[in-house]
Amino acid sequence: MTSNAEMNPVDCHQLGVRYGRMVALEEVTFTVAPGQVYALLGRNGSGKTSLVRCLLGHQKPCSGHIELFEQDVWASRRSLMHRVGVVSEEPDAPPTMTTRQVLQFCAGLYPSWDALGVEARLQRFRVPQELPFGKLSRGQKAQVSLALALGPRPSLLVLDDPTLGLDAVARREVYDELLGELAERGTTVFITTHDLAGIEGLADRVGILHQGRLLVDASLEDLKARYRKIGWAPPQALRLEDLAPYGPLGFRMGSLGGETVLQGDPAPLLAARPEVQIQDLSLEELFVTLVGADTEVAS
Amino acid sequence: MSVLAVTRREWIGRRNVLLLSLGMGLLQFIGLHLNPDPAQAFDKTSFLAVATGTMYAWAVAALYGATMLSRDLEERRFGFLLNQPLHEAQIFLGKVLAGVGLAFLSGLLACLPPLLLSGFWRQLGMREVGSIMGVWLAGSLVLLLLFHALSIQVRSRSLWLALDLAAWALFFLGVRLLSLRLMAVDGFREMAHLWLGLLIAVSLGLAVAGYLQVSEGRADLQRGHRWVSLTMASTLVLVLLGGWAQVVWTLKHRPAPVQTQARTHRIR
């Protein structure tokens, strides 16, 4: 028998979702290990929302299945939700209930509710608890949603684009709160986001969904080792043909120089061409290169 | 307790309905006071108050039923409940309880002020009051379930609507034919029994369909609609078959009309 600490919080196997003839997800398979922060990235319409809905047992997949802590989420949603905290893309608490009433509602459903922690969190962000949830600012709603998700001391935190529509300060606050939780309890996190710069310092592993398929599923370290960005000047120093052996992605030329992302090891190229230099590759650049280039990439 | 938590959540979101009902009751109360001949007005107003309360309670139940889940689904708020450790039955039951309670209280608030003033309630025995309340509650429950199913069928905009329309059309056509057969032999009492039986059976079907919409459809409106359609179509067909069997049995075992009996006797 697998112990709680060894169980994979998320095990997605050959997941498929269709809406009529439209394929939203096709054979998506990935695993999130205990204590990991898994960031699922994808453009709008890539299938992220369908995947999160299946992950939370809101929607039954057409094929495949998702297990949370080795239990099928569709069949065991109720019991699993004791161990899962969720922040939805759109804050979905009832708008007419005050924050205090929402807290009371949730507190009554969880035996392990961390009332003091939730209270402290809301006070830290000066969220007025007597105001209806619908009248809070977007940043305050995000903080309340995060506090509610962390309230039951979850083993798995599912965050569906939690920083959507937030200003830079509110975004930072959400990430700081998340970092604090990770440092304190080592909670496993599954996050979908468009805020690639924000998640880069947090994520251990990254999945990139594109047109319903999981294009990439790898650790951030592996990705950065596998894909290298190079730049050169002047622009005419290198041609696309010269880079063919290295599998260039997103070849770009400007008046001052050129840059591209290579799939292979660029060491021979660097040795042969002193005008070529390795540059830092951010997660955002990698995402734009992979998804924008519409390239088939082996995960 | 979880069921009541869902009920409370629903009530907080719709407490304005109760305020509106109270306002309606007070308006009738004021109208009664302003009447130049209060003695005569009391009887009329009392009857009107009960009728208004009944209609109002049922209207609230129908409106609540039409929005209790489909509004949450459209506004993408249903996830809030699904993300809690609540069983689908608790969610559905909590919502139904909230709707029936809200409808009942709304009706009561809408008719209570004029009834208290006119003293009409003192003329009624416990049995009458119980009957009125029973009718309110039962009617509210049936309307709530019916409008919930209809709202899911309409809002999902899927092709299953064709099956819904066909099933309901077949059902009403069948009920009409069965009723005509009973009316042809003056079986009005049997017809009333048939209708009551059909109403109870269809209401049970609606309750099962509503529950399946939540448990099997969850946040997926189209899938929920499919379950509602399949449940309702099979319920309506089965209920109709049951009704047909009842009519056949009734016609076979019903004592023949007096004239026919006399004729049969003479021939013998």
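Rule-based calculations on the coordinates, nothing more; no lab input. Being a predicted model, the structure only gives us computed values, none of them experimental. Note: ideal-geometry Cβ built from the backbone for every residue, glycine included; neighbour counts use all protein chains shown.
Given R0 = 25 Å, the distance between the Cβ atoms of residue B:193 and residue B:129 translates into a calculated FRET efficiency of 0.45. Ranking of A:199, B:200 by neighbouring Cβ atoms within 10 Å, starting from the fewest: B:200, A:199.
Assuming 0.36 nm per residue, please report the length gained on full extension of the stretch residue A:182 to residue A:270 beyond their Cα-Cα distance.
The span from residue A:182 to residue A:270 would gain 27.8 nm if fully extended.
Note on residue A:70 and residue B:75: the model spin-label points, each 7 Å out from Cα along the C-beta direction, lie 4.1 nm apart.
Each of A:74, B:168 has some number of other Cβ atoms within 10 Å of its Cβ, and from fewest to most they run B:168, A:74.
Among B:29, B:172, B:92, the largest mean-square fluctuation in a Gaussian network model of chain B (Cα springs under 10 Å) belongs to B:172. Counting only whole DSSP H helices of chain A, there are none at least 20 Å long by C-alpha along their axis and with mean Kyte-Doolittle hydropathy no lower than 0.5.
Ordering A:228, B:189 by the number of other Cβ atoms within 10 Å of each residue's own Cβ, fewest first, gives B:189, A:228. Could you tell me which of rounded, prolate or oblate describes the protein assembly as shown, using a ≥ b ≥ c as the square roots of the eigenvalues of the alpha-carbon gyration tensor, with rounded for a/c under 1.5 and, failing that, prolate when a/b is larger than b/c and oblate otherwise? In terms of gyration-tensor shape, prolate.
Paramagnetic label reach from residue A:225 (point 7 Å along Cα→Cβ; backbone nitrogen cut-off under 18 Å): within region A:252-274, residues A:262-268. Distance between the C-alpha centres of region A:185-216 and region A:112-171: 20 Å, rounded to the whole angstrom.
Rounded, prolate or oblate: which fits region A:12-142, taking a ≥ b ≥ c as square roots of the Cα gyration tensor eigenvalues, rounded meaning a/c under 1.5, else prolate when a/b beats b/c? Because a/c hits 1.5 or more and a/b exceeds b/c, region A:12-142 counts as prolate. Which helices, taking whole DSSP H runs in chain B, have alpha carbons extending 30 angstrom or more along the helix axis plus mean Kyte-Doolittle at least 0.0? Correct list, ordered by number: B:38-67, B:88-118, B:126-155, B:160-184, B:188-212, B:221-253.
In this simple spin-label model, placing a label point 7 Å from the Cα along the Cα-to-Cβ direction at both residue A:263 and residue A:194 gives a separation of 2.8 nm.
In terms of the Cα gyration tensor, with a ≥ b ≥ c the square roots of its eigenvalues, is region B:105-230 rounded because a/c is under 1.5, prolate because a/b exceeds b/c, or oblate? Here region B:105-230 falls in the oblate category.
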